[in-house]
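One structure below.
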Ligand SMILES: Nc1ncnc2c1ncn2[C@@H]1O[C@H](COP(=O)(O)OP(=O)(O)OP(=O)(O)O)[C@@H](O)[C@H]1O
Ligand SMILES: [Mg+2]
């Protein structure tokens, strides 16, 4: 029986090729989006779930009070891990991780930079990573030992066993390879290729509770309740540090997607983008289903006769229902196969784009279930209304072949669905325009410092040791305009301190000031404008203790004329020698905050070189030569500051590109539906068009008549989509501290694009109908 | 008003070529009422389509109001048509989605008459066709005779010089048919030229002259008055 249904369904699909192709390809595109997003979401959701007993692992954050508001920090002080293990009975193991670093590794002739970190003893008890050779736990606990991954082992040792071999780290200290572990899967929030005990890098000042610079993770006992652990953790800061700070636990599996905290509670993060794209994918699928429904009901009048005859010869309503559902499921199935093919084709590009090795494993049970669910849901969603509608038709009506509006007006429903489709498409187009505008703005916005033609070179090995002679040689190159050194790149100054104080400061006021150590000529090289005072200068020996502040700092301290005033900060009590105009110290997501520059060339890790216009290639050549001369053990490495700046917007760029593609897809599917509907309408109205032509209507009259109806629908969509898009985009722009304004032309542009596209789609069919000979259409009566 | 000479029309469908009109010639004078008769398939509708400038002949000459119109392009034909010719069809050919009023108003819209004038003119003809009380009804809500009266109203609303009627009573019973024939006669008496295709000898008697056709050719002509 079922076979028979599908046989007839197949015949029907073949008979109406034009409509079948539009339906199948529309559904395929919709399903393609859904599948792509499914694989992406699945990958994002898989983060950190491969660790054995990952449910017991927690990331420790700290809540503290800042001028009356609870702020949550992701970094924690060094003594916290030991205190947690000692004082909180629920904690079985606790480990702390220093930030990841790219350090030079040498073994014999081989040298290269590898990313790794320093971690404390319990690391492998918290993260139970599988060992290939040796015992990682013991290796980490023994002095002068290093644990490496399979990657590093294969790269440096190839055929020989790495265990017991000595490698040099950072061109500085030798370590014995104590164990080799499996490569860390890319869906781990902790990444490393080597790990050395934290004791090897620990300094005395790190022992302070006020220095938050590490990531702390704990593993609870399997049956322990995290709430109890959190309660017990409340006593730690008061006991050891006399501070009102409360450590809290975040399940490891949430670290990737719930990174934002507000008022001490998780408030989202990457999960929001996942939600947005899941919704967008569903919308696109809905648009495709709507095409199917619309065509099916529109064409129902043509099939009314078939239904009538079937009923007259005894078909029950439910067998007719099954017949029509079979047709839509068959269409969905063909769409699904096409969609899977498309996913397979585009997955490599998509993976590169989201920077994740996304796999399409359809044998995976959850994926397989979802695909089958997708097939059935799409089939039923798009088939059920037409099936109900058609199977309900009474045979008397049908045989007369005149289909009067049924239990509710199908034409009205059809129009509403077209409006719905275009509302979504226009919404996406507006979003596309706004997001694109904001991206442009971020790229071109004047940061207040000049990031163009600035190269950064990491100061490592001899470059660090001979920083000053190296700088002098660099300046000698004709292609170089200026050079300076700094502790971090001035486009993303992350370090901050609460230590600022000044005469007359309210003792209750808590401050948080960004800090950066710089060398001489920083202001000049970066082209930062001074509002008052001067840059650090070798002519004043006392400058090594002085401070350069920005306008925001002056405002924070309530000083009209800060130059010459004594303030107290990291160098102790010392004068402010200059005030910089405010410049952006982070991405435009962040507001400009108070900033203090301290002169300390020895604290530098980058040299910033400003090249002369048009001489950048020459400068790079000169710099390479110099680096090779000074630092033969290290590979020559440089970055462009503006490229590094772009990287701050990687997520934004990704979102913007995805929205662009999805917006276009939504539009394409909507247009396909409109095309089919227009073709059908024109076909339906041939007689009317013929009469009108006989009565003197011109081609233009007819085209306007036919296209006008659709244009009206698109206009309604614009009216609905605009406020929704305004609201959503307004909220999105608010996530930036600095953003463009929403402009009315963005909405007009989106609307015009939609109307234009709809018009082109529809008028093709309308012109065809309008230029047909009326004699023919009237003859068919 | 109409002078056709050696008019030809062929239809090609795949390999078969049908000769619909075969060197047909006749004249129609201004103010005349001519009936065209003949068996099914002899080319009557084809002739009417050409006279109505809906179709182009394949050969011969067609002079309308002193102008040679065969070979006119679509736009020129449409322009001439909408100002000079009204049509009445066997199957009424009203637009189902429009009301009686709107159906009759259509030709005026396409000739660019102002809305206020349109209303006045439509009311005038609806009165005359005695269908005014149904002006807001849809075609489906009317009887066949009423529908054909609407169709005639629509054909004359522009004051055309020529009315072409293709079996105007073909779908009507005899009393409704007679009503329509009376209307046409009245229009003719007011000066409108009429060419009517019919199968009914009874209806043909309303005309001045009957042209009988066979296989695309004129066979006889009877003058009745
Ligand atoms: N579009 C067409 N394509 C092919 N052949 C056609 C076409 N229109 C008419 N014919 C043929 O031309 C001939 C004349 O047709 P026409 O419609 O003029 O006949 P008629 O005299 O009006 O017949 P009836 O009295 O049945 O209406 C017929 O043989 C018909 O089959
Ligand atoms: Mg005919």
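Every number here is computed from the coordinates shown, using simple stated rules; none is lab data. Predicted, not measured: the structure shown is a model, and the values here were computed from it. Note that each Cβ is placed from the backbone with ideal geometry, even for glycine, and that neighbours are counted across all protein chains shown.
Side notes on the structure shown:
- Using alpha-carbon coordinates, inclination of helix B:100-110 to the longest axis of chain B, degrees: 60 degrees
- Averaged over B:85-93, number of beta-carbon atoms from partner chains that fall within 10 Å: 3
- Convex hull volume per residue in cubic angstrom - Cα atoms of region A:447-514: 157 Å³
- Cα-based helix-to-principal-axis angle, A:300-312 vs chain A, degrees rounded to 10: 60 degrees
- The C-alpha atoms of chain A define a longest principal axis, and helix A:270-298 lies at about 10 degrees to it.
- Ellipsoid semi-axes in whole angstrom, largest first, where each is sqrt(5λ) of the Cα gyration tensor of region B:87-136: 17, 14, 10
- Neighbouring partner chain Cβ atoms per residue of B:154-162, average, 10 Å criterion: 1
- Order of A:33, B:42, A:62 under a 10 Å beta carbon neighbour criterion, fewest first: B:42, A:62, A:33
- Projected label distance in nm at residue A:737 and residue A:186, using a 7 Å step from Cα toward the beta-carbon: 3.3 nm
- The largest-to-smallest principal axis extents of the Cα set in chain B are 48, 38, 38 Å.
- At the listed q of 0.10, 0.14, 0.21 Å⁻¹, the Debye profile of region B:67-174, built from one uniform point per Cα, gives log10 I(q)/I(0) equal to -0.29, -0.55, -1.12.
- If you take the Cα centroid of region A:202-233 and the Cα centroid of region A:262-283, the two points sit 28 Å apart.
- Overall form of region A:100-190 per C-alpha gyration tensor (a/c, 1.5; a/b vs b/c): rounded
- Beta bridge orientation in chain B: antiparallel %, DSSP, nearest 5: 55 percent
- As a proxy for reagent exposure, ranking A:39, A:636 by other Cβ atoms within 10 Å from fewest up yields A:636, A:39.
- Rounded to 5, percent antiparallel among DSSP beta bridges of region A:454-642: 75 percent
- Label-to-label distance, nm, for residues given as residue A:416 and residue A:450 (7 Å Cα→Cβ offset): 6.2 nm
- Ranked by the mean number of other Cβ atoms within 10 Å per residue, highest first, peptides A:266-273, A:658-665, A:52-59, A:115-122 order as A:115-122, A:658-665, A:52-59, A:266-273.
- For region A:432-478, a Kirkwood radius taken over Cα pairs fed into Stokes-Einstein (37 °C, viscosity 0.692 mPa s) yields D = 235 µm²/s.
- For the protein assembly as shown, the ratio of Cα radius of gyration to the globular rule of thumb 2.2 N^0.38 Å stands at 1.39.
- Volume per residue of the convex hull around the Cα atoms, evaluated for region A:454-642, comes out as 119 Å³.
- Residue mean of other protein chain beta carbons inside 10 Å, A:684-694: 5
- For region A:627-781, radius of gyration divided by Kirkwood radius, i.e. Rg to Rh on alpha-carbons: 1.30
- Antiparallel beta bridges, as assigned by DSSP with both residues in the protein assembly as shown, represent about 75 percent of the total such bridges.
- Each pair of Cα atoms in region A:533-636 enters the Kirkwood radius, and Stokes-Einstein at 37 °C and 0.692 mPa s then converts it into a translational diffusion coefficient of 199 µm²/s.
- Estimated from the Cβ-Cβ distance and a Förster radius of 22 angstrom, the FRET efficiency linking residue B:111 and residue B:190 is about 0.65.
- When the P(r) of region A:439-553 is calculated, the portion above 25 Å amounts to 34% of the C-alpha pairs.
- Applying 1/(1 + (r/R0)^6) with r as the Cβ-Cβ distance of residue A:726 and residue A:345 and R0 = 41 angstrom yields a FRET efficiency of 0.65.
- Theoretical gain in end-to-end length, residue A:510 to residue A:159 [0.36 nm per residue, Cα-Cα removed]: 120.6 nm
- Computed from label points 7 Å out along Cα-Cβ, the spacing between residue A:613 and residue A:205 is 4.2 nm.
- For region A:535-581, the Kirkwood radius over C-alpha pairs fed into Stokes-Einstein at 37 °C and 0.692 mPa s yields D = 304 µm² per second.
- Distance from the alpha carbon centroid of region A:116-169 to that of region A:284-361 works out to 54 angstrom.
- The residues A:230, A:560, when put in order of fewest to most other Cβ atoms within 10 Å, stand as A:560, A:230.
- Cα centroid separation, region A:481-513 to region A:716-781 (Å): 50 Å
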